[in-house]
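Colleague: A single structure is presented below for examination.
Throughout, read-outs are computed from the coordinates displayed, never taken from laboratory work. Just so we're clear, the structure is a prediction, and the values are computed from it rather than from any experiment. Methodologically, a virtual Cβ is constructed for each residue, glycine included, from the backbone with ideal geometry; neighbour enumeration extends over all protein chains shown.
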Amino acid sequence: MTAGPLISADELRARLADVTVLDVRYRTGGPGGPEAYAEGHIPGAAYVDLDRDLAAAPGAGGRHPLPEPADFVAAMRRAGVSSRRPVVVYDDWSAQAAGRAWWLLRHHGHPDVRVLDGAWPAWLAIGGDVETGSPAVEPGDFEPAASLVGLVEPDGVLDVDVLVDARAAERFRGEVEPIDPVAGHIPGAVNVPTSSNLAADGRFLSPGELAATYARVGAVPGADVAAYCGSGVTAIHDVLAMEVAGIRARLYPGSWSGWITDRSRPVDTGD
């Protein structure tokens, strides 16, 4: 099925019987995803909890460290994932949470994962069927394989060609910091907020438009590019957008919340 990292609502509806769908509704500080899932979800979708299934406990690795491989594989099997069946992930947050499931599945070698472009609102907009309740899910047999994406560790963050900070501009500049105890950004980083990736309808911009957005900060095909955010979740929205644009970018999973756990690491403010 794979033809780029995104899938339209119309294509998903046409292929729904042939894919495994994961509902990853979640928002930082927002309403709980399980309740929204029970009220209505794409038929056959299994709910995946970001904090429980897609992250380890907070600590030196930040607020959302990567889960232990065995824990992640077990969570995907509970959700019905198989290595041989395509997976589609969605949320109601413009793919800012679903992207985490996309990246982790790719990191653990799943060959065919796509993100619903336009998220849950796009499904509703085409009149897609809605299932309620929390139906039982038949377990999958997902087997991890070699990673298909890249990551960068803290000791390599300052050495990449282009380090993209996906947070809002005021957080990047250090003018406000609503979550983490230190404000600012990693020295040398450039700011491309996740909102820059989307059109007014909530769908991703075209590959050409995204390529132009990232070219303005030096992120072009062939460059060593990495992205981070506050906790390693929404940065994947920028990684995903760059993938659409033909730019391979690595993820710094610890992101800002992990960077500042070591007070010897440098911090910048302003532009």
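Colleague: Report which label in (i) 34, 19, 19; (ii) 29, 20, 18; (iii) 29, 28, 15 holds the value of semi-axes √(5λ) of the Cα gyration tensor in Å derived from the coordinates of this structure.
Modeller: Matching entry in (i) 34, 19, 19; (ii) 29, 20, 18; (iii) 29, 28, 15: (ii).
Colleague: To continue, here is another question. Quick check: pseudo-label points 7 Å beyond the Cα along Cα→Cβ at E39 and L148, how many nm apart are they?
Modeller: Here the modelled spin labels are 3.4 nm apart.
Colleague: While we're here: Go through 44-55, 219-230, 142-153 and give me the packing order, highest mean Cβ count within 10 Å leading.
Modeller: 219-230, 44-55, 142-153
Colleague: Compute the distance in nm between two label points, each set 7 Å from the Cα along the Cα-to-Cβ direction, one at S8 and one at D71.
Modeller: According to this spin-label approximation, the distance is 3.9 nm.
Colleague: Could you work out the relative contact order of segment 154-259, using alpha carbon pairs under 8 angstrom and six or more residues apart, expressed as a whole percent?
Modeller: Worked out over segment 154-259, it gives 31 percent.
Colleague: Please figure out what share of the DSSP beta bridges in the chain is antiparallel and state it in percent, rounded to the nearest 5.
Modeller: 15
Colleague: Just grab the label-to-label distance for R263 and S82, each label 7 Å out from Cα along the Cβ direction, in nm (one decimal).
Modeller: 5.4
Colleague: For T261, T234, which order do you get if you count the other beta carbons within 10 Å of each Cβ and list the fewest first?
Modeller: Arranged by neighbour count, lowest to highest, T261, T234 become T261, T234.
Colleague: Related question: Over segment 118-187, calculate the relative contact order: mean separation of alpha carbon pairs under 8 Å at least 6 apart, over the residue count, as a percent.
Modeller: After rounding, I find 16 percent.
Colleague: Treat the count of other C-beta atoms within 10 Å as a stand-in for reagent exposure and order M242, M76 from fewest to most.
Modeller: By the 10 Å Cβ count, ascending, the order reads M242, M76.
Colleague: Follow-up. Would you grab the residues whose amide H sits under 5 Å from the one on V21? Only those 5+ places off in sequence or on another chain, please, with H modelled 1.01 Å from N.
Modeller: A46, V88
Colleague: Further, regarding this structure: Pull out the extension gain between L124 and A199, defined as 0.36 nm times the separation in residues minus the alpha carbon to alpha carbon distance; nm, one decimal.
Modeller: 25.2 nm
Colleague: Now a separate question. Distance from the Cα centre of segment 146-163 to that of segment 74-130, in angstrom?
Modeller: That distance is 24 Å.
Colleague: Related question: Can you give the extra length, in nm with one decimal, that the chain gains between D141 and V190 once fully stretched, where that is 0.36 nm per residue apart less the Cα-Cα distance?
Modeller: 13.6 nm
Colleague: T28 to E177: extension gain in nm, 0.36 nm per residue of separation minus the Cα-Cα distance?
Modeller: 52.3 nm
Colleague: If you take every DSSP beta bridge whose two residues both sit in segment 6-125, what share of them, in percent to the nearest 5, is antiparallel?
Modeller: 10
Colleague: Also, quick follow-up: If you average the sequence gap of Cα pairs under 8 Å that are 6 or more apart and divide by the length of the chain, what percent do you get for the contact order?
Modeller: Rounded, it is 22 percent for the chain.
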